[in-house]
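Where a number appears in this text, it was derived from the coordinates with a stated rule and is not lab data. Just so it is clear, the model here is predicted, and its values are computed rather than measured. Virtual Cβ from ideal backbone geometry, glycine too; neighbours counted across all protein chains shown.
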Amino acid sequence: MKTSKIEWTEATWNPSTGCNKVTAGCKHCYAETMARRLQAMGAPGYENGFEFTLMPERLDMPMRIKKPTKFFVNSMSDLFHEEMPFEYLDRVFDVIRATPRHTYQILTKREKILEEYCKTREIPDNVWLGVTVEFQKAKHRIDILRNIEARIRFLSVEPLLEDLGELDLTNIHWVIVGGESGPKARPMKPEWALRVKQQCQAQDVAFFFKQWGTWGGDGVRRSKKANGRILAGQEWNEEPEYEMA
């Protein structure tokens, strides 16, 4: 288990690594940069850099953790990648079912593969299932997600690249918003984030503001830490109501 600095989770579990870019939100992928760095350091599991790679030796890791933990699954990949065999996905979900003490947060930009997989499989109750919605062209992912049976459904609106306009959050339980980080980060305007927050409040959906990123709400470039997490005068750390098994 690797503890995580990501504000909305506790630890990461990567039963596969590596990915490739599919939308504008992937342009400055933090995981790609990190994978290249780990490859240069000779870290186990990153011999292939950012090429998609199955890591079966990591499958049983959550089973060895006794303390109930919130895991972000595949922070260094996409669980529903085009090269992911459904048979291996079944093994991942078998581990999830065998460890009901843990909560598993799964996020994808590959909504069509997610939809195909879920047509013949049930998602365990200890899974929070999410899609990324970084710009208006990705809003169709919400329609696919809302129709999949999952205990918790969530949106990662990060990096928020434009005003998303009107959002139908029916059957969505949680929305995370954040700006982009890194030397080539694209700014997020405060009004974009505020509009998402207002719609979450109007539709009774939990709202979590993760970060400003490299650009602050005042349009000034600083470190991510310096820009902080304050939106409309406060931190927003709401989470969906959820009872562990």
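Work out the P(r) tail for region 62-200: percent of alpha carbon pairs separated by more than 23 Å, whole number.
Above the 23 Å cut-off, region 62-200 has 37 percent of its Cα pairs.
Can you work out ³J(HN,Hα) from phi for every residue in region 49-54, in order, using Karplus 6.51 cos²θ - 1.76 cosθ + 1.60 and θ = phi - 60°, giving whole Hz and x for Gly and Pro?
x, 9, 6, 4, 9, 6
How much length is gained on full extension from D168 to R101, taking 0.36 nm per residue of separation minus their Cα-Cα distance?
Using 0.36 nm per residue and subtracting the Cα-Cα distance, I get 20.9 nm.
Grab the other residues whose beta carbon is less than 14 angstrom from that of Q198, score K and R as +1, D and E as -1, and report the net.
-3
Considering only the other residues whose Cβ falls under 9 Å of the Cβ of E162, what net charge follows from Lys and Arg at +1 and Asp and Glu at -1?
Net of charged neighbours comes to -1.
Please report the net charge: other residues with Cβ closer than 13 Å to the Cβ of Y104, K and R +1, D and E -1.
That sum, taken over residues with Cβ under 13 Å, equals +1.
I want to check the label-to-label distance for K139 and N48. Put each point 7 Å from Cα in the C-beta direction and report it in nm to one decimal.
Reported label-point gap for K139 and N48 is 3.7 nm.
Please grab the % of Cα pairs in the chain that end up more than 34 Å from each other.
The calculated P(r) of the chain puts 12 percent of pairs beyond 34 Å.
Taking R0 as 30 Å, what's the FRET efficiency between L194 and C29 from their Cβ-Cβ distance, rounded to 0.05?
That gives a FRET efficiency of 0.70.
Under 19 Å from a label point 7 Å along Cα→Cβ of A40: give me every residue in region 75-89 with its amide N that close.
Correct set: none at all.
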